[in-house]
Amino acid sequence: MPSPAEEKLLSTRWLLKVAVIFWGGFLVMVATRHSFHRLANLLVLLLISIFLSLAIEPGVNKLQARGWRRGRATITILLSVIVGAIALVSLFVTLVATQIVDLLRNSEEYVNETVDFINRNFNANINPQEVNDSITDPNGPVQRFINSQQDKVVSVSVQALGVLLQIFSVLLFTFYFVADGPRWRRAICSRLPAERQVRVLEVWEIAVTKTGGYLYSRALLALASSFFHWIAFQAIGTPAPIAMAIWVGLVSQFMPVVGTYVAGVLPLVLSFIEEPSSAIFVVVFIIVYQQIENYFVSPRITARTMDLHPALAFGSAIAGAALLGALGALLALPGAAMVQAIASQRGSRHDVVDSPLTTSQQPRRKRKRRRQAAG
């Protein structure tokens with residue numbers, strides 16, 4: 001039996017160890033939290049680069065199989081993405097600038113037409129001259145807002161330079177992730193036994209194939225949506241039909257569930273300004289095309305890639321937005337597709353017993369025909 005002095009010494013040592021562990025863990029937690037906040041921007045850039053590298057690697061692998069060098073194939077695809085993005089941004093910047101100039105030049109005419117439409121269809125009694133006077137009044141809310149935005153030109157320019165630097169960083173990381181992909185994978189696998197190497201490479205291949213396939217299928221759906229919306233907007237007379245069609249096509253495919261209706265707000269507003277009655281046709285076409293796409297176009301294009309259930313896509317987008325804002329909502333879709341693909345490939349599968357809870361109810365016509373055939 002230890003003596004009281006020895007017990008006191010052991011108790012003191014134990015308390016000292018507990019205190020060291022507690023305060024050491026606390027300091028590590030504080031340092032980790034501080035480092036994470038400092039490096040959060042870098043981690044987001046790396047996350048974007050990883051998803052972009054997974055998306056373009058299938059194309060790089062195909063070019064490499066045709067005899068291209070991996071670095072040159074990566075640069076070619078990245079340059080194609082950059083050129084497409086610049087063309088798209090330039091198109092929308094030109095559209096916005098043109099619409100602003102046209103709106104300022106013909107603001108009185110647009111106000112008169114809009115007020116006349118509201119008075120005629122909603123039994124209102126708005127004086128268009130009063131509305132025009134409030135817009136042109138130097139002390140009015142519209143002019144005060146315009147004047148307040150002029151002081152933000154410098155800050156917006158600085159933010160634009162910061163965004164360009166971040167884009168350059170993403171492209172640089174993406175290039176190294178893809179061009180040196182085999183070297184990265186070899187370095188990781190060299191630390192693992194043979195059995196785990198096979199599993200890691202299988203998961204990596206699934207992630208590359210499914211993430212790239214999901215994004216490519218979204219791009220094809222966006223192309224189809226843009227084409228049909230361009231035809232409709234051209235026929236309706238929507239301003240800048242090409243730009244509006246591309247806008248609806250992209251937003252509708254990369255924003256889950258509500259993307260089509262969110263994207264439809266911009267062409268709806270422009271159509272309403274140009275001709276209020278044509279806005280109704282814009283709404284009708286967008287709703288009809290959404291149903292056609294859900295039942296006929298989307299299942300055919302996504303059959304060979306990876307289709308996300310609307311509930312899973314919507315939930316992942318909400319989670320991504322809560323973590324990283326709008327960017328997180330966009331990255332959540334390919335992330336959810338990748339996780340779903342990996343999960344679907346793992347584990348064993350068993351036959352499901354027959355039960356009303358696991359069987360979709362057949363339409364009444366089919367059930368009636370089967371009963372007649374059985375009779």
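The values are calculated or read from the model by the stated rules, or taken from the named source; none is laboratory data. Keep in mind that what you see is a predicted model, and the values were worked out from it rather than measured. Every residue, glycine among them, receives a Cβ derived from its backbone with ideal geometry; neighbour counts consider all protein chains shown.
A quick yes/no check of all residues on (1) touching a strand residue (DSSP E or B) at 6+ places or on another chain (Cβ under 9 Å); (2) more than 28 Å from PHE175 (Cβ to Cβ); (3) not aromatic (Phe, Trp, Tyr):
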site	(1), (2), (3)
LYS17	no, yes, yes
PHE22	no, yes, no
GLY25	no, yes, yes
ASN41	no, no, yes
LEU46	no, no, yes
ILE50	no, no, yes
SER53	no, no, yes
ILE56	no, no, yes
GLN64	no, no, yes
message = So in region 173-220, with the set limited to residues that are touching a residue at least 40 places away in the same chain (Cβ under 8 Å) and of a type in the set (A, V, I, L, M), which one is surrounded by the fewest Cβ atoms within 10 Å (Cβ to Cβ)?
response = VAL203
request  = Restrict the check to region 117-138 and report whether at least one residue is touching a residue at least 40 places away in the same chain (Cβ under 8 Å), surrounded by 15 or more Cβ atoms within 10 Å (Cβ to Cβ) and of a type in the set (S, T, N, Q).
outcome  = no
key: helices (runs of 4 or more DSSP H) fully within region 44-160 counting 3 or more residues that are at pLDDT 75 or above and not β-branched (Val, Ile, Thr)   = 70-105, 107-122, 128-136
message = If I ask for residues that are of a type in the set (D, E, K, R) and over 23 Å from ILE280 (Cβ atoms), which ones from region 111-132 would you list?
response = GLU130
task = For region 23-41, indicate whether the set of residues that are without any contact (Cβ under 8 Å) to a residue 12 or more places away in the chain and at positive phi is non-empty.
result = no
